[in-house]
1. Rank by packing, highest mean first: peptides 73-79, 212-218, 128-134, with packing defined as the count of other Cβ atoms within 10 Å averaged across residues.
2. Determine the sum of side-chain charges near G119: Lys and Arg each +1, Asp and Glu each -1, restricted to other residues whose C-beta is under 15 angstrom from that of G119.
3. Just list whichever of K64/K86; K64/K159; K64/K176; K86/K118; K118/K172; K64/K108 have alpha carbons separated by over 22 Å in the model shown.
4. What's the carbon and sulfur percent of segment 68-189's accessible surface, probe 1.4 angstrom, rounded to a whole number?
Amino acid sequence: MPKRLAARLMPALSAVSLVLAAGCTRIETGEVGLRINFDKTTDPTERLPGSFNQTLIGDIVTFKIQDVAVAVDNMTPLASDNSTVKDFDMTVVYNVNPTAVSELWTTKNRTFHGISEKGGDILLMQNYVALSARNAAYKVAREYESLKMADNRPLIEQKIRENVIKTLTEEKLADKITVSQIQVRAITPADVIVNSANELVRAQNELKTKEVEVQTAKKEAERIAALNANAGAIGYMNAMANLKIAEGVAAGKVHTIVVPYDFKGIVNAK
């Protein structure tokens, strides 16, 4: 190609390149794209991460499929003690099979899906998964007393996940949606349950205190009784001691006697 002709074509080629670049969408990691044709039909072939897709004719819709987080908040399930939990919040993390994106988008009700707050990606089956998790949470919570739920949090998370997977299996979605994690973020019992528990603890502490007081009083009574029972023995022992002293004096074996300062008896000193 002559240099002069090439120089003339360069601006045009650059302009075409800019147009093509501006009219392309790159699928990011963790996403899958679908082409929406100019006639509003959907191309069933999924566009995988890393691919560039022209959008001059038609459009590309992107779907986040990896580690989609669903917040399921403000639930009030019924516990096994028939009390209503004040607040139960959890997060569900799931993934979508990249090869199932087209099927899920074209065959499932659009209300099943959500929209990401950042980027505007379509979150396939987000609302459906949230509903399934909510139903599972209400079912599992019924197995535990309100005040024992927090202590059984890991087991509750496991059971909720198992219930969601069971629902997906029954709906023939287990090979398309994988629930990787359930995280229960908050469990708040009803105020009346908390107040009753606090009153019970207070009453138990008062009972223990009274039991200690009773035991102390019993021991003191036993001590006084023992002293009273030994009062006669002490007098006898004193009399015997005096007798021994008198016998020693009579035998001439005792020459010195220590007399208490308040002694009121009679001592014969020779």
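1. Values: 73-79: 15.0, 212-218: 10.0, 128-134: 22.0.
Result, highest mean Cβ count within 10 Å first: 128-134, 73-79, 212-218.
2. Numbers: positive: R26, K64, K118; negative: E28, E31, D67, E117, D121.
Around G119, the surrounding residues sum to -2.
3. Details: K64/K86 33 Å; K64/K159 26 Å; K64/K176 14 Å; K86/K118 31 Å; K118/K172 30 Å; K64/K108 16 Å.
In this structure, K64/K86; K64/K159; K86/K118; K118/K172 exceed 22 Å between Cα atoms.
4. Details: 2910 of 6120 Å².
Summing carbon and sulfur atoms, their accessible area is 48 percent of the total for segment 68-189.
The values are calculated or read from the model by the stated rules, or taken from the named source; none is laboratory data. Note that the coordinates shown come from a computational prediction; the quantities given were computed from them, not determined experimentally. Virtual Cβ from ideal backbone geometry, glycine too; neighbours counted across all protein chains shown. With ligands, DNA and RNA removed, areas are computed over all heavy atoms of the protein, side chains included. Shrake-Rupley method; radii C 1.70, N 1.55, O 1.52, S 1.80 Å.
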